Amino acid sequence: MWSDLEEAGVTADADSPVLGDHATGAALRLLKYGLSKDRRDHVVVKGTVILAPRVVSENSIRVAVEDCTDSSHWLVYKSDGTLEDAVPGGHHDTEATMRRFGRDWKVEDLAMGPVGSC
């Protein structure tokens, strides 16, 4: 899901077909909302997030995951290619629920705390 968001973020493309490859439901709506907002604000996001997720509960169709997502290398740029601001991201307390669809898993719920929440 994060790779899909990174790909779509380079152009702020909320309609990118890759977004639905690994996200569904509320998580997909959240990703699309963020990208739509970026497009309206004339900004794009470049870089990558650093992940270290851990499973906190699981059953045959759902898995709950927590992470301290590091967005310090995922920066916001104006449409002219300059940085929106010189403030990097940081560490966000992140919770996600993934659901099985046949042999595939998709993130269906996603919540991220503010920078510094973990």
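The values are calculated or read from the model by the stated rules, or taken from the named source; none is laboratory data. The model shown is predicted, which means the values in this text are computed figures rather than measured ones. Every residue, glycine as well, gets a Cβ built from its backbone with ideal geometry; the counts of neighbours run over all protein chains shown. The protein model used for the area step is the full one, side chains on, heavy atoms only, and it has no ligands, DNA or RNA in it. Shrake-Rupley method; radii C 1.70, N 1.55, O 1.52, S 1.80 Å.
List of remarks:
- Inside segment 9-28, residues that are surrounded by fewer than 13 Cβ atoms within 10 Å (Cβ to Cβ) and within 24 Å of CYS118 (Cβ to Cβ) make up a count of 0.
- Residue that is of a type in the set (A, V, I, L, M, F, W, C) and modelled with pLDDT under 95, where the choices are VAL55, VAL65, VAL107, VAL87: VAL87
- Residue within segment 44-59 that is closer than 18 Å to ASP104 by Cα and of a type in the set (A, V, I, L, M) present: yes
- Of all residues in segment 39-71, those that are of a type in the set (D, E, K, R) and within 13 Å of the chain's Cα centre (by Cα) total 3.
- Taking the criterion of being open to solvent by 70 Å² or more (accessible area, probe 1.4 Å) and assigned to a strand (DSSP E or B), the residues of segment 43-90 that qualify are LYS46, ILE50, ARG54, VAL55, GLU58, ARG62, LYS78, LEU83.
- Residue selected from segment 91-104 under the condition open to solvent by 70 Å² or more (accessible area, probe 1.4 Å) and either modelled with pLDDT of 95 or more or out of contact with any helix residue (DSSP H, G or I) (no Cβ under 9 Å at 6 or more places or on another chain) (or both), by the criterion nearest to GLU66 (Cα to Cα): GLU95
- Breaking point among (1) touching a residue at least 40 places away in the same chain (Cβ under 8 Å); (2) of a type outside the set (Gly, Ala, Ser); (3) over 28 Å from LEU83 (Cβ atoms), for THR69: (3)
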